[in-house]
Amino acid sequence: MAEIGLTQAEADALLRMEKHRLSDDMVAFPAPGQNITVELRSSDNREEFLLDVWRSDKNPRRARFQIRAKRAIILARIDLGGQPHSNQEDKPDIPAPHLHLYREGLGDGWARPVPSENFTALDDHYRTLEEFMVYCNITTPPKFQWELL
C-alpha cells in the first residue's frame, strides 16, 4: 500500500482551514473506555475531516483528541495523562500531556509540550476538547452532550 503523505505546507493549510460539523445532532461525549469519531467538512465542502475523541477505561486522566484529514492523516493530536513521548531527535522525552503535530516525513510521530496559551485547563477533558477544537479551527463544532462527573 502506498504511503499517504502531505507536504508541510499542505498539512499546515488543512489544520488552519475552517471546519464545520455536518449534523446538528447531539454527540455523546464518550464514557471511559469508549471513543467516537465526528465527521467535519471545510467551508467549501472540498475537504473532509474526522475528529476523534477517546477516553481510557483504566486511567480516568488519560484521553486523546485528534483531527484527521484524508481519513488517515493525523494533523494534530493531544495526549492527556499518558506516557512521555520520545521525538526522533536526540532531545529529552516530552512528558504528557503533549501535542502531536503533523511533520512532513514523520506524520504524527513528533510531539511538543502543550502550549499554555491555547490550553488552559488540561485536567478538565471537556475544556481541553473545546480548546482543541478552537486550536484546530473547528468553527462550527459538534454539539456535545457532556456526561455528569
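The values are calculated or read from the model by the stated rules, or taken from the named source; none is laboratory data. The shown structure was predicted, so the numbers you read here are calculated from the model rather than taken from an experiment. Note that each Cβ is placed from the backbone with ideal geometry, even for glycine, and that neighbours are counted across all protein chains shown. Only protein heavy atoms, including side chains, enter the accessible area calculation; ligands, DNA and RNA are left aside. Shrake-Rupley method; radii C 1.70, N 1.55, O 1.52, S 1.80 Å.
In table form, for the structure just shown:
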{"item": "Answer from Ala63, Ala31 - the residue that is open to solvent by less than 70 Å² (accessible area, probe 1.4 Å), farther than 15 Å from Asn137 by Cα, touching a residue at least 24 places away in the same chain (Cβ under 8 Å) and touching a His at 6+ places or on another chain (Cβ under 6 Å)", "result": "Ala63"}
{"item": "Check on Ala121, surrounded by fewer than 18 Cβ atoms within 10 Å (Cβ to Cβ) and assigned to a loop (DSSP other than H, G, I, E, B)", "result": "yes"}
{"item": "Qualifying residue in the range 89-96 (condition: acidic (Asp, Glu), part of a loop (DSSP other than H, G, I, E, B), at pLDDT below 95 and touching a Pro at 6+ places or on another chain (Cβ under 8 Å))", "result": "yes"}
{"item": "Answer from Tyr102, Tyr126 - the residue that is surrounded by fewer than 16 Cβ atoms within 10 Å (Cβ to Cβ) and within 16 Å of the chain's Cα centre (by Cα)", "result": "Tyr126"}
{"item": "Tally of residues being outside any strand (DSSP E or B), at pLDDT 90 or above and farther than 16 Å from Leu14 by Cβ across the range 97-118", "result": "6"}
{"item": "Selected residue (only one of Leu14, Leu51, Leu75, Leu22 is farther than 26 Å from Asp123 by Cα, of a type in the set (A, V, I, L, M, F, W, C), at pLDDT 95 or above and open to solvent by less than 20 Å² (accessible area, probe 1.4 Å))", "result": "Leu14"}
{"item": "Criterion violated by Lys91 - all others in (1) exposed (fewer than 12 other Cβ atoms within 10 Å of the Cβ); (2) of a type in the set (D, E, K, R); (3) in contact with a Phe, Trp or Tyr (Cβ under 7 Å, 6 or more places away or on another chain) satisfied", "result": "(3)"}
{"item": "Residue in the range 129-141 that is at pLDDT below 95 and not in a loop (DSSP other than H, G, I, E, B) present", "result": "no"}
{"item": "Residue check for Ala76: touching a helix residue (DSSP H, G or I) at 6+ places or on another chain (Cβ under 7 Å), hydrophobic (A, V, I, L, M, F, W, C) and part of a strand (DSSP E or B)", "result": "yes"}
{"item": "Enumeration of residues in the range 48-73 that are in a loop (DSSP other than H, G, I, E, B) and of a type in the set (Lys, Arg)", "result": "Lys58, Arg61, Arg62, Lys70, Arg71"}
